[in-house]
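Take a look at the structure below.
The values are calculated or read from the model by the stated rules, or taken from the named source; none is laboratory data. Keep in mind that this is a model prediction, so the values were computed, not measured. Quick reminder, even Gly has a Cβ in these numbers, built from the backbone with ideal geometry, and neighbours come from all protein chains shown.
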């Protein structure tokens with residue numbers, strides 16, 4: 001039996017989008033491949049609210065996260081963490097011998113502009129990493145507050161992990177001053193896993209030119225240079241199947257309308273939040289709740305694995321808590337092409353099982 005996914009990713013993919021993955025192959029060095037990548041880029045610039053170049057990577061979002069911190073840190077990186085995935089960026093820096101420091105806050109709390117200001121005012125850092133939406137805690141960071149602070153430090157390259165929010169929440173890359181905004185296909189964009197995407201600003205391009213050892217496959221400058229020289233082609237073999245599906249899915253997203261899509265995500269989030277408040281409790285600070293995923297405190301001490309097993313027999317799947325929050329929390333994702341009716345059906349089944 002197919003289980004309808006309400007997990008942080010991969011998400012449910014619509015049958016017509018999935019079918020586009022089986023489009024017959026084309027040569028990835030021909031004009032058709034260039035036209036496909038150019039179309040995708042133009043649509044993604046609209047989705048990202050940016051005029052910056054767009055890079056595609058045949059990897060998960062983690063690939064471009066690693067590429068960003070390695071390609072664009074000349075001095076030292078400041079990695080801000082509100083959960084498991086913010087910390088991952090610091091671990092990537094360490095693994096690549098990039099000088100970095102970790103600035104963690106209590107899980108469920110946001111990164112504040114005040115903290116960012118304290119860190120950057122030392123003058124030690126020329127790159128920062130921030131998580132927009134943390135799926136371990138169900139928290140969405142206050143981007144306007146953080147961005148206003150970063151703008152006081154024009155030498156700092158601003159990297160944003162929007163892996164679990166781009167396509168489900170409005171992120172105005174250029175207005176916020178984000179230099180590298182990263183997402184991937186298997187979350188709010190509503191595609192299978194396997195491709196990552198980022199914007200790449202002029203400041204980030206210039207910084208990467210100062211960094212001698214940027215790696216090879218994930219060198220963002222090499223990706224950018226190749227696209228520029230070869231008219232929207234990719235230095236290594238791209239996942240054409242993902243590109244066909246992404247081109248199609250972006251058209252679907254614009255047909256729905258960006259504002260309508262973001263409003264639908266908020267409506268789904270409110271359904272889950274209200275249910276969680278009545279039946280359990282919310283984990284993250286109420287002022288910073290995610291629009292694409294809700295982390296719920298297991299105040300009734302239910303067996304999450306048993307609940308999920310019972311849900312599986314009815315054709316649904318949710319997610320246990322992440323890492324140290326396993327069984328203390330559980331998570332319900334509400335992103336991509338999921339509908340309010342899907343959420344109501346899921347919550348009705350959870351209530352039925354628990355009662």
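The residue that is farthest from residue 354 (Cα to Cα), counting only those in the range 272-286 that are touching a residue at least 24 places away in the same chain (Cβ under 8 Å) and surrounded by fewer than 18 Cβ atoms within 10 Å (Cβ to Cβ), is 285.
Considering each residue of the range 214-264, count those that are exposed (fewer than 15 other Cβ atoms within 10 Å of the Cβ), at pLDDT 95 or above and not in a helix (DSSP H, G or I), and give that number. Here the count works out to 4.
Residues checked against (1) in contact with a helix residue (DSSP H, G or I) (Cβ under 9 Å, 6 or more places away or on another chain); (2) in the same structural domain as residue 202 (by TED's automatic domain parsing); (3) within 28 Å of residue 336 (Cα to Cα); (4) in contact (Cβ under 8 Å) with a residue 12 or more places away in the chain:
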position: 30; (1), (2), (3), (4): no, yes, no, no
position: 57; (1), (2), (3), (4): yes, yes, yes, yes
position: 71; (1), (2), (3), (4): yes, yes, no, yes
position: 78; (1), (2), (3), (4): yes, yes, no, yes
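Would you call residue 82 surrounded by 22 or more Cβ atoms within 10 Å (Cβ to Cβ) and in contact with a helix residue (DSSP H, G or I) (Cβ under 9 Å, 6 or more places away or on another chain)? For residue 82, the condition - surrounded by 22 or more Cβ atoms within 10 Å (Cβ to Cβ) and in contact with a helix residue (DSSP H, G or I) (Cβ under 9 Å, 6 or more places away or on another chain) - is met. The combined condition, being crowded, with 22+ Cβ neighbours inside 10 Å and not assigned by TED's automatic domain parsing to the domain that holds residue 48, is fulfilled by residue 269. Sort out which residues of the range 287-322 are closer than 29 Å to residue 144 by Cβ and out of contact with any strand residue (DSSP E or B) (no Cβ under 9 Å at 6 or more places or on another chain), and write them in order of number. Within the range 287-322, just 287 meets the criteria. Restricting the range 114-146 to residues that are within 21 Å of the chain's Cα centre (by Cα) and surrounded by fewer than 20 Cβ atoms within 10 Å (Cβ to Cβ) leaves a set whose member that is nearest to residue 332 (Cα to Cα) is 142.
Do you know which residues across the range 287-301 are part of a loop (DSSP other than H, G, I, E, B) and either crowded, with 17+ Cβ neighbours inside 10 Å or outside the structural domain of residue 329 (by TED's automatic domain parsing) (or both)? Talk me through it step by step, then tell me what you get.
Our first condition is that a residue be part of a loop (DSSP other than H, G, I, E, B); within the range 287-301, this holds for 290-292, 298-301.
Scanning the range 287-301 gives 290, 291, 292, 298.
Evaluated against (1) closer than 26 Å to residue 112 by Cβ; (2) touching a helix residue (DSSP H, G or I) at 6+ places or on another chain (Cβ under 7 Å), residue 331 falls short on exactly one condition, (2). Screening residue 192 on (1) over 12 Å from the mean Cα position of the chain (by Cα); (2) closer than 18 Å to residue 42 by Cβ; (3) in a loop (DSSP other than H, G, I, E, B) shows it passes everything except condition (2).
Scanning the range 231-258 for residues that are without any contact (Cβ under 8 Å) to a residue 12 or more places away in the chain and either over 30 Å from residue 343 (Cβ atoms) or within 19 Å of the chain's Cα centre (by Cα) (or both) yields no hits at all.
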